[in-house]
Amino acid sequence: DVKVTQSSRYLVKRTGEKVFLECVQDMDHENMFWYRQDPGLGLRLIYFSYDVKMKEKGDIPEGYSVSREKKERFSLILESASTNQTSMYLCASRGGLAGSYEQYFGPGTRLTVT
Amino acid sequence: LAKTTQPISMDSYEGQEVNITCSHNNIATNDYITWYQQFPSQGPRFIIQGYKTKVTNEVASLFIPADRKSSTLSLPRVSLSDTAVYYCLVAWANAGNMLTFGGGTRLMVKP
């Protein structure tokens, strides 16, 4: 079974702090994604990566950056956390098989910025 | 970019067949249609994907008409545990197969 793990289930940070959210997958997948989920807005793509050291902006990249130094790990960074970044953050991975759109999601990290 | 539109919510009863329809009028030639299921406090889970006509797996069926401007997810004989949010997505072939999640359909299965 594919396993996608996220470093924390719950996280509380103060405004202005630098926040790191870590995601690890164990299936040697090329593609990894970071989403945030807010009530009434569904899931929105922040960034994705299709290879080590490669990244692409999603729909809402402002205020975030990412890092992918190793294939299995994809980090989301909030350079200076703000209250409007309070949300559920979901990481996902997907293999590179052509025609397959099955993404595997982690359990999520509920981040609260106070 | 193919935006999807689906009902906000649906109610059903145990044992019934549930059909959730999604419209994607701007779908491009190489785009695929996928459906995901999400339970509270969990990440979404892939259900099924298709390009045209009908696809069936052990969980659901997906019907896609010839014009591909809509699709219908069919869940046979639902149970209480099928209560979840169901997302219809189009995988954009020209954007690295990126998926965009819409608001989803909240399905409530009643006893």
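Read the figures in this text as sums done on the coordinates, not as results from a lab. On a predicted model such as this, the values are computed, not experimentally measured, just so you know. Virtual Cβ from ideal backbone geometry, glycine too; neighbours counted across all protein chains shown.
Data for the structure
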quantity	calculated
Point-charge dipole on Cβ atoms (K/R +1, D/E -1) for the protein assembly as shown, about Cα centre, debye to 20	300
Charge dipole (the stretch A:1-43, unit charges on Cβ, about Cα centre) - positive-most of A:Val4, A:Thr15, A:Met27	A:Thr15
Percent of beta bridges antiparallel (DSSP, chain A, rounded to nearest 5)	90
Quotient of C-alpha Rg and 2.2 N^0.38 Å, computed over the stretch B:9-110	1.04
Lys, Arg +1 and Asp, Glu -1 on Cβ, resulting dipole of chain A about Cα centre, debye, nearest 20	320
Tail beyond 19 Å, pair distance distribution of chain A (Cα, percent)	40
Note, ³J(HN,Hα) from phi for the stretch A:36-45, Karplus 6.51, -1.76, 1.60, rounded to Hz, x at Gly and Pro	10, 10, 10, x, x, 10, x, 9, 10, 7
Residues of type lysines that A:Lys70 reaches as a straight line, Cα spacing below 22 Å, ignoring anything fewer than 8 places off in the same chain	A:Lys3, A:Lys18, A:Lys53, A:Lys55, A:Lys57
Signed unit charges on C-beta, dipole axis of the stretch B:9-110, positive-most listed residue B:Ile48, B:Val18, B:Leu99	B:Leu99
Table column - 3J(HN,Hα) (Hz), the stretch A:67-83, Karplus curve with 6.51, -1.76, 1.60, x for Gly and Pro	9, 9, 8, 10, 4, 7, 10, 9, 10, 10, 10, 9, 4, 8, 4, 10, 4
Antiparallel content of DSSP bridges confined to the protein assembly as shown, in %, to 5	90
Percent of beta bridges antiparallel (DSSP, the stretch B:9-110, rounded to nearest 5)	85
Gyration tensor (Cα) of the stretch A:12-58, equivalent ellipsoid semi-axes in angstrom	22, 16, 11
Estimated vicinal HN-Hα couplings, Hz - the stretch A:49-57 in sequence order (Karplus 6.51, -1.76, 1.60; Gly, Pro = x)	9, 9, 5, 4, 6, 9, 8, 9, 6
Residue among B:Ser81, B:Ser61, B:Ser12 with the largest mean-square fluctuation in a Gaussian network model of chain B, springs linking Cα atoms under 10 Å	B:Ser81
Built amide H within the under 5 Å cut-off of B:Asp31, gap 5+	B:Ala93
Debye, to nearest 20: dipole size of the stretch B:1-60, +1 on Lys, Arg Cβ, -1 on Asp, Glu Cβ	280
Peptides B:36-47, A:51-62, A:17-28 ordered by average Cβ neighbours within 10 Å, highest first	B:36-47, A:17-28, A:51-62
Dipole axis of the protein assembly as shown (+1 Lys, Arg; -1 Asp, Glu on Cβ), positive-most option in B:Val109, A:Phe48, A:Val113	A:Val113
Two-decimal log10 I(q)/I(0) for the protein assembly as shown, as the Debye equation yields it once each C-alpha is a single scatterer, q = 0.12 Å⁻¹	-0.65
